[in-house]
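A.B. asks: The structure's right below; bear with me while I get my questions together.
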Amino acid sequence: MNLLNQIKAKVGAAFEAAGFDASNTLVRLSDRPDMSDYQANGALPLAKALKQNPRQLAEKIASYLREDPLFETVSVDGPGFINLRLNDARLGQEAYALLATPQAGYERPDKPKTLVIDYGGPNVAKALHVGHMRPAIIGEAIKRICRFVGDTVIGDVHLGDWGKPMGLLITEMQERYPDLPYFDKAFKGNYPQEAPFTGQDLENMYPIASAKSKEDEAYAARARENTRLLQEGHPGYRALWQQFCCLSIADIKKQYDELGITFDLWRGESHVHDRLQRMIVRLRDEGVLVKDQGAEIIPLGKAKSGNDLPPLIMVKSDGAVMYAATDLATIEERVEEFHPDAILYVVDARQSLHFEQVFAGSEKINLAPGVSLEHLGFGTINGADNKPYKTRSGGVPTLRYLIDMAVSAAKAKMTSGEMGRDLTADEQSDIARIVGVSALKFADLMNERMKNYVFDENKLTSTEGKTGPYLLYAMVRMKSVLEKMGVSSTLTPEDVIHISVAPERQLLLRLYALPDAVQTAYDNRAPHVLCDYLFKLAQDFNLFYHDCPIKGADDRLQKSRLALTKYTLHVAQRVADMLGLEVPEKM
Ligand code: ARG
């Protein structure tokens, strides 16, 4: 049992021994580490409910706790808080049992869940930009946190690869290259294996096509017709569209790879096209769809907030498939195929109305009974002016720009000697990539998900303060301490801790607090909680490193301090893995 749970059980038993109900002991990590390690605040509300004197009631409970050797001191403070200070020897002895597990003391629940997580959400033929960074980074972290907790998690990129944008691209292709075989009605052979255009061509063409369709009604009509033909299965258009997807996916994968982001499924909106058509027919037959100005809609009624929800449009008057309808069909598929307990959508908070509609629509047609549908929104990335972040020249930054900027900032620190002094030039390039990417990810993940944050290029790769490089430095230091002393990082039962001074104690208590941080991050789908934890862990370690010499210490203390370093690395590595942060060997 992890430390918090042990303490909870002991305090619960003391409540019962004193003749009280143990359901509300309110045990938690102390917010006054100068006074206690843990506190139990449940005596106060209990006394209120029983109309008893809270201090007397707390004293009664405390007297039972004082008999337990785990507690060094048990005091009743203020109006009736029970402050618990743990015994150093006991804390040290527990290290192997509490920390040397694959989850570093986190106890997985008996009934793990199955989750589908929909994140990333890139679109074919559109360059990944600043708006695609958070869904990818946050989604990846949430996926990893859920897996750490024991859930089975299926990550799906849910590519925007269907509908009007594809019709627009086909139309623009036709304008420019009317002689391509895709447009030849009489063409019988095999369509070209290699696309006669590049992913970059597509990215350039899409905005042009989109602008034209807004100005030129004939062009727009052709695009609509081409969309329809594509969706109906026009062989040439399907072949052309396959090329769009192949090129885009290759480009997108490359950038996600650089960020250490991977998906189990690379399905797109197109994947549920046929299913959606069947669903529309069924809902029409069942009388669920209502005709409204040529479109077919699902009326939704009131939102949870009490406001009326706009209806969910299933089919537009021109027959086009709508975004929300596609999401409904995708829910149906995911439920059928994976039987998930929940489907999580890591998508911009500005799409909250969309998800409210989709979830209400799903409920109305009973698509996912018992499945929790969660929109995990996030705020925007802003510049110093608190407006959406722009490049130096004022454009919308691409994801490529952001990655390159972070990596070159890390590289610059190495060239200037601020980091990586002992590295060869080759090592510097490799490590600058790792450090730059981890810095970018940490700078994003450390913010509360729903809040907007200000992106500070200069702070990103600073080695001081709450930054990626600060953490990586601490972790590299743990590795190099062990290496220099010729100690393997593998934990063994001989790794016993003897607490001699305060920084050791503080660090060890921090290690024992991991399960609580994991649980909070999991329950709230909040990676920033683990960022906070890792930052404090790095600070505690640095304090320990400076105050507790290893080389000069006597044998017993030296062994203990090396063991503490091993445990710290073990825990820190687990957290870095959950956050998706790569840690270099040297720095
Ligand atoms: N491709 C969409 C966009 O660019 C995001 C997709 C989010 N996922 C979803 N199931 N709707 O806005």
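A.B. asks: Please determine whether any residue of region 419-428 is at pLDDT below 95, over 26 Å from R392 (Cβ atoms) and among the hydroxyl-bearing types (S, T, Y).
C.D. replies: Yes, there is a match, as at least one residue in region 419-428 is at pLDDT below 95, over 26 Å from R392 (Cβ atoms) and among the hydroxyl-bearing types (S, T, Y).
A.B. asks: Which of the residues that make up region 246-277 are under 22 Å from L169 (Cα atoms), surrounded by fewer than 20 Cβ atoms within 10 Å (Cβ to Cβ) and of a type in the set (A, V, I, L, M, F, W, C)?
C.D. replies: C246, I249, A250, W266
A.B. asks: Exactly one condition in (1) among the basic types (K, R); (2) modelled with pLDDT under 95; (3) buried (at least 22 other Cβ atoms within 10 Å of the Cβ) is false for R561; which is it?
C.D. replies: Here R561 clears every test but (2).
A.B. asks: Out of all the residues in region 332-346, which are in a loop (DSSP other than H, G, I, E, B) and either under 22 Å from L159 (Cβ atoms) or within 15 Å of the ligand (Cβ to nearest atom) (or both)?
C.D. replies: Of everything in region 332-346, just one residue is in a loop (DSSP other than H, G, I, E, B) and either under 22 Å from L159 (Cβ atoms) or within 15 Å of the ligand (Cβ to nearest atom) (or both), namely P340.
A.B. asks: Out of all the residues in region 529-546, is one or more open to solvent by less than 10 Å² (accessible area, probe 1.4 Å) and farther than 30 Å from R134 by Cβ?
C.D. replies: Yes, there is a match, as at least one residue in region 529-546 is open to solvent by less than 10 Å² (accessible area, probe 1.4 Å) and farther than 30 Å from R134 by Cβ.
A.B. asks: Please work out which residue is surrounded by the most Cβ atoms within 10 Å (Cβ to Cβ), limiting yourself to region 65-108 and to residues that are part of a loop (DSSP other than H, G, I, E, B) and among the basic types (K, R).
C.D. replies: Applying the filter and picking the extreme gives R108.
A.B. asks: Tally time: how many residues in region 493-513 are open to solvent by less than 50 Å² (accessible area, probe 1.4 Å) and out of contact with any Gly (no Cβ under 6 Å at 6 or more places or on another chain)?
C.D. replies: Within region 493-513, residues that are open to solvent by less than 50 Å² (accessible area, probe 1.4 Å) and out of contact with any Gly (no Cβ under 6 Å at 6 or more places or on another chain) number 10.
A.B. asks: Quick check on this structure: which one of G370, G379 is in contact with a Lys or Arg (Cβ under 9 Å, 6 or more places away or on another chain), surrounded by fewer than 19 Cβ atoms within 10 Å (Cβ to Cβ) and closer than 30 Å to L328 by Cα?
C.D. replies: One residue alone meets the criteria, G379.
A.B. asks: Any idea how many residues of region 347-361 are away from the ligand (no atom under 12 Å from the Cβ) and either touching a helix residue (DSSP H, G or I) at 6+ places or on another chain (Cβ under 8 Å) or among the aromatic types (F, W, Y) (or both)?
C.D. replies: Number of matching residues: 1.
A.B. asks: Continuing with the same structure: Looking at H271 and the list (1) in contact (Cβ under 8 Å) with a residue 60 or more places away in the chain; (2) closer than 30 Å to L440 by Cβ; (3) not aromatic (F, W, Y), which single condition is not satisfied?
C.D. replies: Among (1) in contact (Cβ under 8 Å) with a residue 60 or more places away in the chain; (2) closer than 30 Å to L440 by Cβ; (3) not aromatic (F, W, Y), the lone unmet condition for H271 is (2).
A.B. asks: Let me ask something else. Let me spell it out: the conditions are (1) open to solvent by less than 90 Å² (accessible area, probe 1.4 Å); (2) over 16 Å from the mean Cα position of the chain (by Cα); (3) at pLDDT 95 or above, and L445 meets all of them except one. Which number is the exception?
C.D. replies: Against the list (1) open to solvent by less than 90 Å² (accessible area, probe 1.4 Å); (2) over 16 Å from the mean Cα position of the chain (by Cα); (3) at pLDDT 95 or above, L445 comes up short only on (2).
A.B. asks: While we're looking at this one, here's another question. Looking at region 123-221, what helices (runs of 4 or more DSSP H) fall wholly within it and have at least 2 residues that are open to solvent by less than 10 Å² (accessible area, probe 1.4 Å), within 16 Å of the ligand (Cβ to nearest atom) and out of contact with any strand residue (DSSP E or B) (no Cβ under 9 Å at 6 or more places or on another chain)? Outline the logic, then answer.
C.D. replies: Details: elements: 133-149, 164-176, 199-215.
Helices (runs of 4 or more DSSP H) meeting the threshold: 164-176.
A.B. asks: Would you mention how many residues in region 227-241 are at pLDDT 95 or above and either over 16 Å from Q174 (Cβ atoms) or among the charged types (D, E, K, R) (or both)?
C.D. replies: 1
A.B. asks: I'm told A439 meets every condition in (1) closer than 21 Å to V130 by Cβ; (2) in contact (Cβ under 8 Å) with a residue 40 or more places away in the chain except one. Can you identify the failing condition by its number?
C.D. replies: Against the list (1) closer than 21 Å to V130 by Cβ; (2) in contact (Cβ under 8 Å) with a residue 40 or more places away in the chain, A439 comes up short only on (2).
A.B. asks: Any residue at all in region 279-298 that is of a type outside the set (V, I, T), assigned to a strand (DSSP E or B), in contact (Cβ under 8 Å) with a residue 24 or more places away in the chain and over 16 Å from Y323 (Cβ atoms)?
C.D. replies: No, region 279-298 has no match at all.
A.B. asks: Given the conditions (1) within 13 Å of the ligand (Cβ to nearest atom); (2) open to solvent by 10 Å² or more (accessible area, probe 1.4 Å), report the number of the one that P112 does not fulfil.
C.D. replies: The one condition P112 does not meet is (1).
A.B. asks: Report, ordered by the first and then the second residue, all pairs with beta carbons closer than 7 Å, sequence separation of six or more or different chains, a first member in region 483-503 that is under 17 Å from L99 (Cβ atoms), and a second member that is in a loop (DSSP other than H, G, I, E, B) and aliphatic (A, V, I, L, M).
C.D. replies: So the pair list comes out as L491/A100.
A.B. asks: Say we look at region 316-331 and pick out the residues that are free of Cβ contacts under 8 Å to residues at least 60 places away in the same chain and away from the ligand (no atom under 12 Å from the Cβ); which of these is farthest from Q277 (Cα to Cα)?
C.D. replies: Residue satisfying both the conditions and the ranking: S317.
A.B. asks: Say we look at region 413-429 and pick out the residues that are in contact (Cβ under 8 Å) with a residue 24 or more places away in the chain and not in a loop (DSSP other than H, G, I, E, B); which of these is surrounded by the most Cβ atoms within 10 Å (Cβ to Cβ)?
C.D. replies: Residue satisfying both the conditions and the ranking: K413.
The values are calculated or read from the model by the stated rules, or taken from the named source; none is laboratory data. Everything numeric in this text was worked out from a predicted model, so none of it was measured. No Cβ is skipped: glycine too gets one built from the backbone with ideal geometry, and neighbour counts run over all protein chains shown. Side chains are part of the model used for accessible areas, which takes the heavy atoms of the whole protein and leaves out ligands, DNA and RNA. Shrake-Rupley method; radii C 1.70, N 1.55, O 1.52, S 1.80 Å.
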